[in-house]
Structure formats: structure tokens, C-alpha cells
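For reference, the structure discussed in these notes is given below.
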Amino acid sequence: MTDSVAPSAPALVPVKIAGTGSYLPERIMTNHDLEAMVDTSDEWITTRTGIKERRIAAEGEYTSHLATKAAEAALEQAGLNSDDVELIIVATITPDTLTPATACYVQQQLGSLKAVAFDISAACSGFLYALDYAKHTVGAGAFKNALIIGAEKLSAFVDWNDRNTCVLFGDGAGAAVILPSVSGDGKILSSQLGTDGAQAELLNIPCGGSACPITLENANEKTAVLAMQGREVFKHAVNAMKRASIEAIKAAGLTFQDIKLLIPHQANLRIIDAIVERLEIRREDVFINLDKYGNTSAAAVAIALDEAHRSGRINRGDKILLVAFGAGLTWASAVIEW
Ligand code: UT7
């Protein structure tokens, strides 16, 4: 047997987040609105989840439209023209169509005609999966820049008669522009991804794909909607986000004391509190906006990042920790020096 030498991986240059943006549809649906639709109460939703209201996209307003508006804000902040964008990744589980990718519609809407565009389906972890991919591909010089977007129109995939799920989700989009980092800039210090397909059944949209196409026979059974074993998912979410947070901090060569702000996935305030209890992080150093938007899956961390940035919670040189968890099961984390 002859020894073979594996080609060495190309050196990555550091990359940074050069701009962020977000977009939330205008229509607000409050917990009181839901009381009129299903057997629930503002008291139950608030105490069990922390959610007070969520946004609902208008008829004719699709995931791509939300994504494009968030992307425009991120491009403007980054000072990048849409026709200079080289890569567009949309993280979503609620695409406009099964094919083509929602990113293709976004490419057209932005007029980013040179850009390669595709979607990532990693549920609530999708934006951080896109961030990790962009870090590697822009860092390796394959693309000069990347526009990463988390966008969801979950209202189109929720059974509005099922109180177990319909109170939890909302629509929205968040985006970030990734550029090479030059000396003195901030940079992505670490990113970690994980998947456990053995738990796929805990949270899914069972029909509407090749395993269970929608037919005349099953069309009324409401199977092309989100189904979740909430308590089980809750336990996995706490454990996975705790582990992913610790791994990202270690990989960045930092301690929790170095972290200015934790931006966790916005699914349930009790999940966030459980993570905070298990990590060396103060509650006031955690960004929370789920009261306003509910769980927007792949968009949640992206929207929170943009709001934290634009409201002055993140400043030059701050180190922030992002962590997410979702269907798959998937989880992801990243440490960023701003
Ligand atoms: O984003 C991806 C990751 N997703 C998550 O991380 C979500 C994880 N799971 C959760 O956040 C929580 O499990 C839920 C918020 C989904 C549910 O909270 P829970 O405390 O785990 O409640 P449960 O499912 O154990 O239900 C408790 C009770 C049940 O009644 P019984 O069986 O005790 O009589 C439910 O039927 O609450 C009832 N219930 C409701 N009552 C009023 C469930 N939904 C509602 C509702 N309003 N909307």
C-alpha cells in the first residue's frame, strides 16, 4: 500500500458580518386574537411561551418577498450594490415553491443577476448553517461576498385549528452580508453545526413532499402543516443549545465572561431561561424579542441579530454568541467579534 498525502485545505481568510437587515409583515396577531380562534388564553400562551403577539404575512406576500426586504436593508447597511452580490443563500422551511429555491426568486427581486442562489433547509438552525457555509466559501475566496437570509412564512404551514402549534409561530425575515474581514475589522471567530436525524419525527411537516404527496384523498387531513411533540423537543432544545454554546465558546478560545450578548433561537422564553440557568451568562446579557414575533424558525436569530445591532446592543469589538435549535433535529452556534 502506498502512502498518499491528502491535499491540504486552502487557508481561510477571516470573514465578517458587514451589514444586517430584517423585515416583519405589518399585520399583528395578538394572543387575544387567537382566543377567538382556538381554545386558548393569553395567560396560557404568555406563561408557557413568553409570546404576546406575532406577525402574519399578507395574502400575496410570500417568503421571498419577506426575504428580499430584509436583504435590501442588509445590503444598504453593508454598502453593497445588489448587482455585486455573488452568492445568495435563503434558509427556510417555508419556501415559495418546492422548486425552484426561494433564493432564485430573491435573486430576481433584488436584481442580483450574477449571484449563485440556493436554499438551505435546516429549520430554526438554518441561518447559522448559512453563516457557517458562507464563512467557509467566502473565506476560501470562492465568492467575494455572500448574502445570507433566514425567511419564513410559517402562517402558511400552520393548522389554525390546532392550539398546540398555531399559537407558537410567526412570519418574518432577517439577513446578513458576509465579506472578507480586513485588518481591524470584526470577524466570525467560530461556528459549530450538529444534526440528529434519528429524532426527525419529533418536529416535521409530514406531507407535501415525496413521502406523502397531497392528493384528493388526504387534502382535508391537514398533514402539510407543522406537527410537534413539544415536551420532547423542549428537552432536546435545552441540551443541544447548551452544548453548542459551550463548544462555540471553546472553539473561539474564549470564556462566557468575554461574551457581551447571547442571541438564542426565539422559540420559548422557558427554553431561554433554562439555557441561561445552565451557562455562565447573565439574563440581562440575553437578547429576547419572541414576545413580539413568536417563533419565526430560520428567521428568528437573523431578526434578533439585526434588532440587537440596530438598537445599539452590539458595538464594535463586542463578542456575541448566537445559538439555534430546530427540526431535524439540528443545532448550530457561532461566536462573532463585531
Ligand atoms: O423552534 C423549534 C424548536 N421548537 C421548540 O423549541 C418548542 C419546544 N416546546 C415548547 O416550547 C413547549 O413544549 C410548548 C410551548 C410547545 C408546549 O408547552 P408545554 O408546557 O410543554 O405544554 P404541553 O404540550 O405539555 O401541554 C400542557 C397542557 C396540555 O393539556 P393537558 O393535557 O395537560 O390537559 C395541552 O393540551 O397545555 C395544553 N395546551 C394548551 N392550553 C391552552 C397546549 N397548547 C395550549 C394552548 N392553550 N395554546
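Here are the numbers:
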| read-out | value |
| --- | --- |
| Scan of the stretch 181-195 for residues that are open to solvent by 50 Å² or more (accessible area, probe 1.4 Å), more than 20 Å from ALA304 (Cα to Cα) and under 22 Å from the mean Cα position of the chain (by Cα), ordered by number | THR195 |
| Residue that is of a type in the set (Ser, Thr, Tyr) and surrounded by fewer than 24 Cβ atoms within 10 Å (Cβ to Cβ), where the choices are SER245, SER297, SER311 | SER311 |
| Residue count, the stretch 167-176 (criterion: among the aliphatic types (A, V, I, L, M) and more than 14 Å from THR68 (Cβ to Cβ)) | 3 |
| ASN239 under 21 Å from the mean Cα position of the chain (by Cα), open to solvent by 60 Å² or more (accessible area, probe 1.4 Å) and of a type outside the set (A, V, I, L, M) | yes |
| Matching entry among LYS153, LYS135, LYS144 (being on the phi < 0 side of the Ramachandran plot, within 16 Å of the ligand (Cβ to nearest atom) and either modelled with pLDDT of 95 or more or buried (at least 24 other Cβ atoms within 10 Å of the Cβ) (or both)) | LYS153 |
| Residue count, the stretch 66-92 (criterion: surrounded by 24 or more Cβ atoms within 10 Å (Cβ to Cβ) and not in a helix (DSSP H, G or I)) | 7 |
| Breaking point among (1) surrounded by fewer than 18 Cβ atoms within 10 Å (Cβ to Cβ); (2) within 11 Å of the ligand (Cβ to nearest atom); (3) under 17 Å from ALA244 (Cα atoms), for ARG270 | (3) |
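The values are calculated or read from the model by the stated rules, or taken from the named source; none is laboratory data. Owing to the predicted nature of the structure, the values given are computational and were not obtained by experimental measurement. Quick reminder, even Gly has a Cβ in these numbers, built from the backbone with ideal geometry, and neighbours come from all protein chains shown. Surface areas here come from the heavy atoms of the whole protein model, side chains and all, with no ligands, DNA or RNA. Shrake-Rupley method; radii C 1.70, N 1.55, O 1.52, S 1.80 Å.
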